[in-house]
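Each value in this text was obtained by applying a stated rule to the coordinates, not by laboratory testing. Remember, predicted model here, so these are calculated numbers, not experimental data. Cβ placement follows ideal geometry from the backbone for every residue including glycine, while neighbour counts extend to all protein chains displayed.
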Amino acid sequence: MPYGPKEIEEKYHRLLDADPRRAPESFRRDSRMEGITRVPVEQFTSRAFHDLEVEKVWKRAWQMACHEDDIPEVGDSIAYDIAGLSFLVVRTGADSFKAFYNACLHRGRKLKECGGKRATEIRCPFHGWAWNLDGSLKEITSEWDFKYVDKSKQNLPEVKVGKWGRFVFINPDRNCEPLEKFVGDLSSHFTVLPYEQRYKEAHVAKIMKANWKVVQSAFMEAYHTILTHPQIVTGSSQDGNTKYDVFGNYSRAITVAGMEEFGLTNWGPVPALPSQRDVRDGYVYTPRSDGYCDVRTPDGRTGVFTPRAVWVSGELGEANPHMCDLVAGRQLPPGAVDVRGRSRVYASSSIDPMDVVAQHRAMAHMQREGFRTVVGDLADQAADIEFAPIYFTLFPNFHPWGSFNRIVYRFRPNGNNPDEAIMECLYLAPIPKDGKYPKAVPIHWLGKDDDWVEAPELGMLAKVFNQDSRNLPFVQEGLHATAMQHLQLASYNETKLRHFHKLLEEWIARP
């Protein structure tokens with residue numbers, strides 16, 4: 001039976017038509033990207049291309065610098081560093097912000113290394129030159145010794161500032177288009193629970209040993225799920241049930257459980273936790289008290305493996321390294337959120353696995369009831385489709401997820417090293433009706449060799465990130481080792497990657 005974008009769209013719209021609640025208009029929009037894409041390998045390994053990105057993208061494009069909750073009070077500031085550049089974002093009023101080049105006009109020292117709280121001025125820690133919050137010059141230490149300096153020209157140089165969904169964006173290009181035009185109709189996808197009604201409840205950042213585009217790409221498609229995250233796969237192949245669309249400067253993915261009628265093999269009852277099954281081959285992984293894991297195949301063969309999938313003993317000689325990492329080694333503290341419910345709802349259900357509409361509605365019902373404790377009756381206003389995994393990418397590096405998902409990603413180079421990146425995961429939750437919530441949640445930084453489970457605030461997503469993180473350094477090493485000159489992207493399943501690289505190529509080509 002033929003299968004492709006047309007069939008995916010038809011099945012997707014069939015689910016929308018069967019929904020008892022009307023989905024927002026944005027969910028009815030189809031905007032496929034045609035053609036093929038090959039990406040030069042040097043774009044991920046070359047310092048020269050990194051330098052091009054600095055000049056053509058980071059110095060010209062709108063980019064998310066912080067969230068309002070990072071600087072909740074007048075006088076609060078935060079430093080935003082990107083590829084050797086640094087900017088200081090300051091709250092100057094109840095709903096006003098400014099951003100400056102983060103450098104003193106005397107000897108160039110960074111004005112702020114991380115930020116500040118409730119300041120009445122911006123004072124350089126080196127020699128004490130000071131500016132008011134609006135960037136106007138306040139004081140030159142020993143002013144008598146700078147008679148040649150024109151004080152009227154000593155205001156801090158500004159960069160453009162804009163806001164979307166309580167995120168503060170900056171753009172160093174004085175001639176850039178307005179942020180509203182750049183983001184287009186992105187807000188139309190968040191009508192039930194817009195980002196203006198959310199607060200930042202967690203923020204974790206980790207240095208990754210791969211180019212920022214390599215890291216970002218791993219979170220832009222569902223194609224990798226079947227092998228990297230088999231514990232969250234339903235009876236449907238995850239590379240065959242995601243709908244992709246592109247709109248202006250952003251792209252969208254919607255993964256809907258039950259869209260693929262031709263699922264994977266039914267291996268019988270789901271193993272009891274903490275064991276996990278790889279739905280590809282039916283192997284069951286069980287943690288051991290010594291930090292290793294036992295692996296059993298459907299035909300009874302067994303083996304013992306380390307968290308890195310190194311064979312220890314047994315007849316079975318190989319295992320999925322991502323599953324070994326999931327169940328063996330370091331674990332989250334008790335009580336962490338279990339993200340595995342997506343695969344277990346079908347195993348314990350009497351729903352016909354061929355009835356994709358019933359499967360989709362069952363999953364939406366489970367998600368809706370879970371969110372009801374947080375958003376109350378607002379959950380009833382949302383169509384079933386709005387509880388699906390929906391993830392957007394706004395060029396170049398901002399990744400907000402759909403209305404009923406807390407995740408927002410940001411990816412950026414780690415300084416001027418093309419082989420390292422900073423990956424950030426933010427959790428955003430609905431603002432309570434009384435308007436009271438914790439403000440200025442600090443960024444929890446993890447080093448390049450730290451385990452994601454050292455950020456338990458991420459719940460089980462930390463273990464999922466470990467699975468992704470296992471791939472990425474080897475991707476970077478492979479890019480340096482490969483004889484290929486170009487990467488080959490899937491025409492449909494890697495639509496979001498293709499769209500990003502199309503925009504990147506256009507920005508690099510600008511005069």
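Sorted from longest to shortest, the spans of the Cα atoms of the chain along the three principal axes equal 86, 53, 46 Å. The alpha carbon convex hull volume per residue for the range 381-511 rounds to 192 Å³.
A simple charge model with +1 on the Cβ of Lys and Arg, -1 on the Cβ of Asp and Glu and nothing else charged puts the dipole of the chain at about 1020 debye relative to its Cα centre. Straight-line reach from LYS463: taking Cα to Cα under 19 Å and skipping same-chain neighbours fewer than 8 places apart, the aspartates and glutamates in range are GLU221, ASP278, ASP290, ASP294, ASP325, ASP338, GLU424, ASP449, ASP450, ASP451, GLU454.
Here LYS98 is the anchor, and the aspartates and glutamates within straight C-alpha reach of less than 16 Å, apart from those fewer than 8 places off in the same chain, are GLU68, ASP69, ASP70, GLU73, ASP76, ASP81, GLU121, ASP134, GLU158, ASP173. Evaluated over the Cα positions of the range 65-163, the convex hull gives a direction-averaged projected area, one quarter of its surface, of 6.3 nm². Charged neighbours of VAL183, selected by a Cβ distance under 12 Å, balance to -1 (K, R count +1; D, E count -1).
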